[in-house]
Every structure is written in C-alpha cells, then in structure tokens.
1. Restrict the check to the stretch 162-173 and report whether at least one residue is within 22 Å of K333 (Cα to Cα) and either out of contact with any helix residue (DSSP H, G or I) (no Cβ under 7 Å at 6 or more places or on another chain) or polar (S, T, N, Q) (or both).
2. If you check every pair at least six apart or on different chains, which have Cβ atoms under 6 Å apart with a residue in the stretch 283-312 that is on the phi < 0 side of the Ramachandran plot first and a residue that is among the hydroxyl-bearing types (S, T, Y) and surrounded by 19 or more Cβ atoms within 10 Å (Cβ to Cβ) second?
3. All but one of (1) part of a loop (DSSP other than H, G, I, E, B); (2) buried (at least 17 other Cβ atoms within 10 Å of the Cβ) hold for G54; state the number of the condition that does not hold.
4. Considering the stretch 123-142 alone, what residues qualify as being outside any helix (DSSP H, G or I) and in contact with a strand residue (DSSP E or B) (Cβ under 6 Å, 6 or more places away or on another chain)?
5. Restricting the first residue to the stretch 47-61 and requiring it to be within 11 Å of N341 (Cα to Cα) and among the hydroxyl-bearing types (S, T, Y), which pairs with a second residue that is modelled with pLDDT of 80 or more and surrounded by fewer than 16 Cβ atoms within 10 Å (Cβ to Cβ) meet a Cβ separation below 6 Å and a spacing of at least six or different chains?
6. Quick one: in the stretch 158-201, which of the residues that are of a type in the set (V, I, T) and not in a strand (DSSP E or B) is nearest to R262 (Cα to Cα)?
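The values are calculated or read from the model by the stated rules, or taken from the named source; none is laboratory data. What you see is a predicted model, and the numbers here were worked out from it, not measured in a lab. Reconstructed Cβ throughout: ideal geometry from the backbone, glycine too, with neighbour counts over all protein chains shown.
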Amino acid sequence: MFRIENAMRIFVYSVLKSEFKNDWINQNVYDKGETIKSIAEERNSRDSKLGYIGYNISCPIMHLMLSELIYLIVQNWGVFINYFPGEKQIMEYKLKEIANVRNSIAHFRPIQEDDIELIKQNSKHVLIKIDNFISDMLTCYKTVPSNTNTEWYKKFAELNNYTKLKFTNLCEFKILEDKNQKWITIQMDYRCQILSFDDLGEDFKYYGLTNIHSSNIVNHSSRILKSVTFISEDTSGEAGLISTNNKTSRTPYSKQIKFTFRREAIELEFKKIYYDFYKIVRQLSTETNMVIKDHNAKGEFVHGDQVFASQKKFASQKKGTNDSKYWEMNDDKLLTNVQPNDPPEFWGYFDSINNFITNAHNYPWMGTNISNKSRWDE
C-alpha cells in the first residue's frame, strides 16, 4: 500500500503540474472550496506541533490522502483520462476499493485474504498505465536526434555550443527524450573543478572540489520552475582520470542536474526557459572562478566540497591469479539533500528506473530511502 499510495502522489502531482503549471497547487479538493495548498498548509501546521516525530515534509501533495487523490483524478478526468484503461466510473470504483482496504490496514482493522487479492487485481487493472507514465517520465535516456528541425531544439543546441565555446571544461548540455517522445530532459553536466588534492597512499585520493547547490539554482530560475515537472540530480566519477598528482587535465568528478519537462511545455516556453539556462551558466562560471581563487568563498550556486576515492580489492575469479582492483568514487557528498523548504519540483537524487511502483527504493520529497539499498546497488 505504501508503494501504491506514494506512486499515486507522484502521478497526480506530475500530471497536474504539467497541465496547470504553477497553478496545480490551487486545484480544488472536494466541493468545500478547499485546495491542495490550503489542505496541505493546515495539515503541515498541525504536524509541526509534533515536529520531533518522523520527517518534516512540506511538499503539498504528500499531505493528501488517497481518497483526495482519487477526487482530484475524477474531478479532472479530462486531464487524466489517457492514463487509465477504462471508463471513469469503473476506474473510480476500483480506486475506491483500494482506498477502502487501505483504510482498514491503516486503522488496524482486520482484513480478509480476498481483500489482498482485490488489491492485487485492482492494481493490475488501474495502475498499469500509471506505472508506464512514471517510468517514461523517469527514463529520458535517448539523445534527441541532432538533425531535429524544431525551434526549441535549435535554441538549446545553440546554448550547448555557446557553453562549450565560452566555458570550456565547465558545463555541457545534453538534450534527452523518453522512448515515446513525450518527455524532454535538459541535462546539465557540471565538471567539478579541482581545488586541492592529497595523495594519501596508493589506494586513497582526497579531492577538494567545486560543487553546486542544486536547489539554489532551482529557486533562482522562475521561468524554468514554472514549466518543469521535476528536477533531479546525480553524480558520476571517472576512475580512469584519477592521477597520483593534481595535474590531471580535468577532474574525475562531475555532477548532473536534470530538468524534465513535458514536451509540450518546452515547445511552448522554450525562449523563456533558455534565458534561465543562459543565466545559470554565466553565474556558474563567475562563481566557480571565485571559489577557485578563494577556496573559502561561497556563491549562491557554487561552493567547495571534499570527496575521496579509494581503491578496493575484489576476489579473482580464478585461483592463482592476482587480485584485481577498482576505484570506488565516494561522491555522495556532492549530492544536495532535499530540504523541507525546497520547491516540490526539486526531487534531489532520484532513481531513474522502469517498473517504478514495484522497484523504487526512494521517492521524492521524503528525505530518506525506503530500503537499505545503496544508490550503487543493481
């Protein structure tokens, strides 16, 4: 039930944000004039009185109950119709059946074995297209063809060329899409610049690097924030670039910030969105140079951080051969922790996986994983 309900939250938020932009939060819940925003504010205020319990989660959609998510779907059926495999009344009834069993579990009332089977059956009937929707949104891996003859693509290709020309070895943009070409991700790869280097033996390297506070970029990008559905981040390390001195041609660490838009949103607002990206790159360049000159300096976007790489041994597959080694790039510290006051659009580090409902081990807005699985585990 945890997975179903939180997948529904992601789904309802993503559809409403893509359709209504910043006004998604003002959609009515029930017929009392209450909105997503007003309900969330009241419940968040109530929770804050016992703030020592659990996690402080301010994202409005996280404060809605499953029954309220169902209401939003039914009342905005024209927006949600394409994500359900049946007519409105049948889908509503099946969702309400799931909600009824959910309530029994939540309030510690006994349930029958048939109720569990009902959850499984209704989930298969109702959630299949929702799972596909979320999975497509999260898996924009394909590079948009370079001969794409649309104004928005040419504009962002121009931004990438400008960035490479003016800010060599700092940023690169990738324009990606999902397999069904419904979603566009503008991925900004920022190469963390080396501030200091310590060679602590053959198997341990310590780096001082420039790093980006991703949520600050989000908060200073109102045009992007209006149209984007979500923003996530990740890090990567290139073990082949690790050197025994600090004279490597470029850093082995980089950070990716991924801005994911519904395709229609970026086609409609690409000039305004482009302008925000242009400003971001210029400010990143200015602040990176500032931190390189003064390692103790801190900008709105850029600051200094420390990470390390350690060489590990793993058992050889064949007896009698020497053990092999590999570099473990310990770059988790480069990630930006999601804070309660961050906008709902900022999801931090987030899994990009297929079959999201059954496979996810972390969710946006929660500030913690739901399993002990590492971000590096397959």
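1. Yes, the stretch 162-173 contains at least one residue that is within 22 Å of K333 (Cα to Cα) and either out of contact with any helix residue (DSSP H, G or I) (no Cβ under 7 Å at 6 or more places or on another chain) or polar (S, T, N, Q) (or both).
2. Between residues of the stretch 283-312 that are on the phi < 0 side of the Ramachandran plot and residues that are among the hydroxyl-bearing types (S, T, Y) and surrounded by 19 or more Cβ atoms within 10 Å (Cβ to Cβ), the close pairs are T288/T210; V291/T210; V302/T210; V302/T288; V307/Y207.
3. Among (1) part of a loop (DSSP other than H, G, I, E, B); (2) buried (at least 17 other Cβ atoms within 10 Å of the Cβ), the lone unmet condition for G54 is (2).
4. C140, K142
5. Pairs that qualify, where the first residue is within 11 Å of N341 (Cα to Cα) and among the hydroxyl-bearing types (S, T, Y) and the partner is modelled with pLDDT of 80 or more and surrounded by fewer than 16 Cβ atoms within 10 Å (Cβ to Cβ), are S58/P340.
6. T163
Here is a yes/no grid of residues against (1) under 20 Å from I10 (Cα atoms); (2) part of a helix (DSSP H, G or I):
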{"position": "M62", "(1), (2)": "yes, yes"}
{"position": "L69", "(1), (2)": "yes, yes"}
{"position": "V74", "(1), (2)": "yes, yes"}
{"position": "G78", "(1), (2)": "yes, yes"}
{"position": "E92", "(1), (2)": "yes, yes"}
{"position": "I105", "(1), (2)": "no, yes"}
{"position": "R109", "(1), (2)": "no, no"}
{"position": "I116", "(1), (2)": "no, yes"}
{"position": "Q121", "(1), (2)": "no, yes"}
